[in-house]
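A.B. asks: Provided herewith is a single structure, encoded as structure tokens, for subsequent inquiry.
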Amino acid sequence: MSINTEVTNNATAKSERMVLSKGLLIILTIGAGLSVANIYYNQPMLGVFSKEFHQPSEKISLIPFLSQAGYALGIFFLSPLGDRFERKKLILSTMLLLIISIVATAMSQSIEWLIINSLLTGVLSTVTQQIVPLAVSLAKPKERGKVIGIVTGGILFGILLARTIGGYVTDQIGWRSMFWIAASLMSITTIAMAIKLPRVMPTTDISYTQVMRSLGSLFIKHPALRQAAFIQSLIFGAFLAFWSNLAQLFQQPSYNLGATAVGLIGVVGAGGALIAPIAGKLSDVRGPRTVVTFGAGLLMVAFAILGGIQNSLSALIIAVIIMDLAVQASQVSNQAQVYALDATARSRLNTVFMTAMFCGGAAGSELGNMAFNYYNWLGTCVISGIAVLLAFLLSLRKPPKSL
């Protein structure tokens, strides 16, 4: 038996013996949600940034774009390390660097530094994607779908409520205060994790270069991974095309609303996070493809409403509720399918899936902004609708078995 095989078997066996208590699950869920929230606080602030730094919307749009692009880079280059290094030490180290990055954002005195720090914050916020595989590894096999749903629900709450809190705090006490608050929340979470997280040994001892090379091998080996990654990248791209341009829509005369209103729309959609555990269970019982197809179908309905009924706040709210239910259901089901492919490579499988998803999100933010600049809100809805239609069609195809 090789050394690498022994490491894998021993680490897997130890993980199976560990118990994921309710208290630890709560800490992991909160930690995942707060970590990912750091790349979404800035979305309701874009109008404020434009006025304070005297920059056009085209340059300001780089902030959410690079936050998402940084997250994608961090997932690709940092998240695979969860299979290679002891997870607790890796998570705590990343969280400490993230706190420093958030503080630097709060202290930014120019648009250039704000853009750079937004990129770095995006890279380090991928500690969320180290937390999710840890939760899955500690969960009982029969409860993994449920655990994925709960932690993913926490992530969606973090994404949606970040806009709400970010918008409200920005209007009340300024955008810099929001990032100081974020740094404080992350500090408290880091201390809690330092106390409660168990040590989880790596599942492989291969080099970093080999870890990175194995990402391509996994992508080629598992058609189901490729399908899930492509579908979720299209869905998340449409999702962020909406959110990245909502602040600009609300500044138009037909709405004339500020950052707080953008944030409050996030509260409306936060209820979608409640479906996460249900989606996880349905994925186990009915199969992930069924749930993913259902989610993509719902998302088409949401963008049909947004594009067909404009200048109506009531229609927009209904569409947001449908949208967040759909995105949550599809992501939980796709992830459940991906994590089941190989128990010894969950961090790397998650890396491939989430990198594709957030690259899609970054592209969606930028393409949605371009469409908005040329064709206003209808342009954003059309480009998003096309992406969702492609995702729906892909979900109807049954992927072949792994090689």
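The values are calculated or read from the model by the stated rules, or taken from the named source; none is laboratory data. Only a predicted model underlies this, so the values are computations on that prediction, with no experimental measurement involved. Heads up, the Cβs are rebuilt from the backbone with ideal geometry, glycines too, and the neighbour counts pull from every protein chain shown. Side chains are part of the model used for accessible areas, which takes the heavy atoms of the whole protein and leaves out ligands, DNA and RNA. Shrake-Rupley method; radii C 1.70, N 1.55, O 1.52, S 1.80 Å.
Residue-by-condition table, conditions (1) open to solvent by 10 Å² or more (accessible area, probe 1.4 Å); (2) farther than 30 Å from Lys196 by Cβ:
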residue	(1), (2)
Gly31	no, no
Val36	no, no
Gly47	yes, yes
Glu52	yes, yes
Leu92	yes, no
Ser108	no, yes
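A.B. asks: Same structure, new question: Taking interchain pairs and intrachain pairs at least six residues apart, which have beta carbon atoms under 9 angstrom, with the first residue in region 215-230 and free of Cβ contacts under 8 Å to residues at least 24 places away in the same chain and the second buried (at least 19 other Cβ atoms within 10 Å of the Cβ) and not acidic (Asp, Glu)?
C.D. replies: Close Cβ pairs (under 9 Å, with a partner that is buried (at least 19 other Cβ atoms within 10 Å of the Cβ) and not acidic (Asp, Glu)) amount to Gly216/Val352.
A.B. asks: Applying the selection to region 204-214, what residues are touching a residue at least 60 places away in the same chain (Cβ under 8 Å) and either open to solvent by 70 Å² or more (accessible area, probe 1.4 Å) or basic (Lys, Arg) (or both)?
C.D. replies: Taking region 204-214 first, the residues touching a residue at least 60 places away in the same chain (Cβ under 8 Å) are 204-206, 208, 211-212, 214.
Correct list: Tyr208 only.
A.B. asks: Any chance you could count how many residues in region 144-161 are out of contact with any Leu (no Cβ under 8 Å at 6 or more places or on another chain) and over 24 Å from Val262 (Cβ atoms)?
C.D. replies: 5
A.B. asks: Also, quick follow-up: Which residue is nearest to Met354 (Cα to Cα), if the candidates are limited to region 27-47 and must be out of contact with any Ser or Thr (no Cβ under 6 Å at 6 or more places or on another chain) and among the β-branched types (Val, Ile, Thr)? Outline the logic, then answer.
C.D. replies: Pass one, region 27-47, residues out of contact with any Ser or Thr (no Cβ under 6 Å at 6 or more places or on another chain): 27-30, 33, 37, 40-44, 46-47.
Cutting the leftovers down to among the β-branched types (Val, Ile, Thr) gives us 27, 29-30.
Details: Ile27: 22, Thr29: 17, Ile30: 19 Å.
Checking each candidate, the answer is Thr29.
A.B. asks: Which of the residues belonging to region 162-203 are under 30 Å from Arg348 (Cα atoms), polar (S, T, N, Q) and either part of a helix (DSSP H, G or I) or open to solvent by less than 10 Å² (accessible area, probe 1.4 Å) (or both)?
C.D. replies: Looking only at region 162-203, we keep the residues that are under 30 Å from Arg348 (Cα atoms), and these are 162-163, 182-183, 185-203.
The next check asks that each one be polar (S, T, N, Q); those that pass are 187, 189-190, 203.
Answer for region 162-203, where residues must be under 30 Å from Arg348 (Cα atoms), polar (S, T, N, Q) and either part of a helix (DSSP H, G or I) or open to solvent by less than 10 Å² (accessible area, probe 1.4 Å) (or both): Ser187, Thr189, Thr190.
A.B. asks: To continue, here is another question. Can you go through Ile265, Ile275, Ile181 and tell me which one is at pLDDT 95 or above and of a type in the set (A, V, I, L, M, F, W, C)? Walk me through how you get there before you give the answer.
C.D. replies: Working: Ile265 fails: at pLDDT 95 or above; Ile275 fails: at pLDDT 95 or above.
Just one listed residue meets the conditions, Ile181.
A.B. asks: Then there's this: Which fully enclosed helices (runs of 4 or more DSSP H) of region 38-131 have 2 or more residues being farther than 15 Å from Gly166 by Cβ and of a type in the set (Lys, Arg)? Walk me through how you get there before you give the answer.
C.D. replies: Numbers: elements: 46-52, 57-60, 62-77, 87-106, 111-124.
Answer list for region 38-131: 87-106.
A.B. asks: If you check every pair at least six apart or on different chains, which have Cβ atoms under 6 Å apart with a residue in region 300-314 that is under 21 Å from Gly237 (Cα atoms) first and a residue that is of a type in the set (Ser, Thr, Tyr) and open to solvent by less than 70 Å² (accessible area, probe 1.4 Å) second?
C.D. replies: Every condition considered, the pairs that remain are Phe303/Ser384.
A.B. asks: Working only within region 352-361, note down all residues that are at pLDDT below 90 and open to solvent by less than 10 Å² (accessible area, probe 1.4 Å).
C.D. replies: Answer for region 352-361, where residues must be at pLDDT below 90 and open to solvent by less than 10 Å² (accessible area, probe 1.4 Å): Met354, Met357, Phe358, Gly361.
A.B. asks: May I ask you to list pairs of residues, at least six apart or on different chains, whose Cβ atoms are under 7 Å apart, with the first in region 385-403 being within 14 Å of Asn334 (Cα to Cα) and the second being of a type in the set (Phe, Trp, Tyr) and open to solvent by 90 Å² or more (accessible area, probe 1.4 Å)?
C.D. replies: Close Cβ pairs (under 7 Å, with a partner that is of a type in the set (Phe, Trp, Tyr) and open to solvent by 90 Å² or more (accessible area, probe 1.4 Å)) amount to Leu394/Phe230.
A.B. asks: What number of residues within region 368-382 are surrounded by 21 or more Cβ atoms within 10 Å (Cβ to Cβ) and of a type in the set (A, V, I, L, M)?
C.D. replies: 0
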